[in-house]
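Data block below; observations after.
The values are calculated or read from the model by the stated rules, or taken from the named source; none is laboratory data. Keep in mind that what you see is a predicted model, and the values were worked out from it rather than measured. Methodologically, a virtual Cβ is constructed for each residue, glycine included, from the backbone with ideal geometry; neighbour enumeration extends over all protein chains shown. In case anyone asks, the SASA skips ligands and DNA or RNA and just uses the protein heavy atoms, side chains included. Shrake-Rupley method; radii C 1.70, N 1.55, O 1.52, S 1.80 Å.
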Amino acid sequence: MSEIVKVDVFKKFKNFELKVNFSVNEGEKVLIQGPNGSGKTTLLYLIYGVLNPDSGYVRVFNKNPTVELRKSEMYMLEEYLIFLENISLQENLDFITSLRYFNINKTHELINKFDLPLYKKPYQLSSGQRRLFKLALAFSSEAKLLLLDEPTSNLDIENSKVVKDMIREYSGTIIFASHDILLKESCNKTIYLRTGKIERIEIK
Ligand SMILES: Nc1ncnc2c1ncn2[C@@H]1O[C@H](COP(=O)(O)OP(=O)(O)OP(=O)(O)O)[C@@H](O)[C@H]1O
């Protein structure tokens, strides 16, 4: 099995230090668990390359995580994905899909599955519907590596189960951070973080 993500990083904020070392194999579904503030999101941002380590390295497909990789081989379900609030979801979709490759048929399949009203403007959606729209994009990105930060936050139990199955069945590799106990069923490996360090790694 080939290692597609290698991480050996140190990152320091004013009152927090993250120091972790691990790798992820192709096709794995890796859950990052840990208390609030343990460094899960920071770690995902380092892998995605939108945060730089103070020392050490992150290698994704044997490359540094750059914008080129973000446009093709990896995709992050972004908490900070900005919607243009005064145009419809359909127009937002047109804009977002012009920035990067998405399998548009798959995007629409998921939008229908989640029953999302494309004619509405983003501010007219519930927080769960906004999250589902972002998930439809992530799972139709055809990225070989998906990074998901709290994918089921704001979702009801039925949609959480759908997302659990989507993670398990995804053909590529997924690294996801979650407090949702349900998602433990989708992973083959769990990395437990505590105050910026790996406490233990559990393999199913
Ligand atoms: N840009 C930043 N500047 C300073 N400190 C930061 C920054 N980003 C995160 N931190 C700090 O790093 C620590 C880890 O934050 P992080 O968001 O990675 O935790 P988390 O495990 O994802 O938490 P949660 O479960 O609450 O989402 C926290 O103490 C946070 O305050």
- A correct Kirkwood calculation over the Cα atoms of the stretch 1-49 returns a hydrodynamic radius in Å of 11.9 Å
- At each listed q (0.18, 0.25, 0.29, 0.32 Å⁻¹), what is the log10 of I(q)/I(0) that the Debye formula gives for the stretch 102-143 modelled as equal alpha-carbon point scatterers? -0.45, -0.81, -1.00, -1.12
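Return the carbon/sulfur percentage of the accessible area of the chain, one whole number, probe 1.4 Å, all protein chains in place.
Details: 4930 of 9960 Å².
Roughly 49 percent, rounded to a whole number.
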- Task: Among DSSP beta bridges whose residues both lie in the chain, state the antiparallel percentage, nearest 5.
- Result: 60 percent
- Note on the structure: For the stretch 1-115, the Cα gyration tensor yields equivalent-ellipsoid semi-axes (√(5λ), largest first, whole Å) of 30, 18, 14
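Starting with the highest mean, order 59-66, 184-191 by the number of other Cβ atoms within 10 Å, averaged over the residues of each peptide.
On the way: 59-66: 15.5, 184-191: 17.9.
So the peptides 59-66, 184-191, ranked by packing, come out 184-191, 59-66.
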- Long-range amide H partners of ASN25 with built H, under 5 Å: ILE4
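Cβ under 15 Å from ARG59's Cβ, ARG59 left aside: what net charge do those residues give with Lys, Arg +1 and Asp, Glu -1?
Details: positive: LYS6, LYS63, ARG70, LYS144; negative: GLU3, ASP8, GLU26, GLU68, GLU73.
Surrounding charge for ARG59 is -1.
Counting every Cα pair in the stretch 84-180, what percent are over 24 Å apart? Intermediate values should be presented prior to the final figure.
Values: 812 of 4656 pairs.
For the stretch 84-180, the fraction of Cα-Cα distances above 24 Å is 17 percent.
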- Number of Lys pairs in the stretch 77-165 closer than 17 Å at Cα, excluding neighbours under 8 places apart unless interchain, is 9
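How large is the convex hull of the Cα atoms of the stretch 32-77 per residue, expressed in Å³ as a whole number?
Roughly 89 Å³ of hull volume per residue.
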- Item | Stokes-Einstein translational diffusion, the chain - Kirkwood Rh over all Cα pairs, 0.890 mPa s, 25 °C, in µm²/s | 141 µm²/s
- Query: Magnitude of the Cβ-charge dipole of the stretch 62-185, K/R +1 and D/E -1, about the Cα centre, nearest 20 debye?
  - Reply: 160 debye
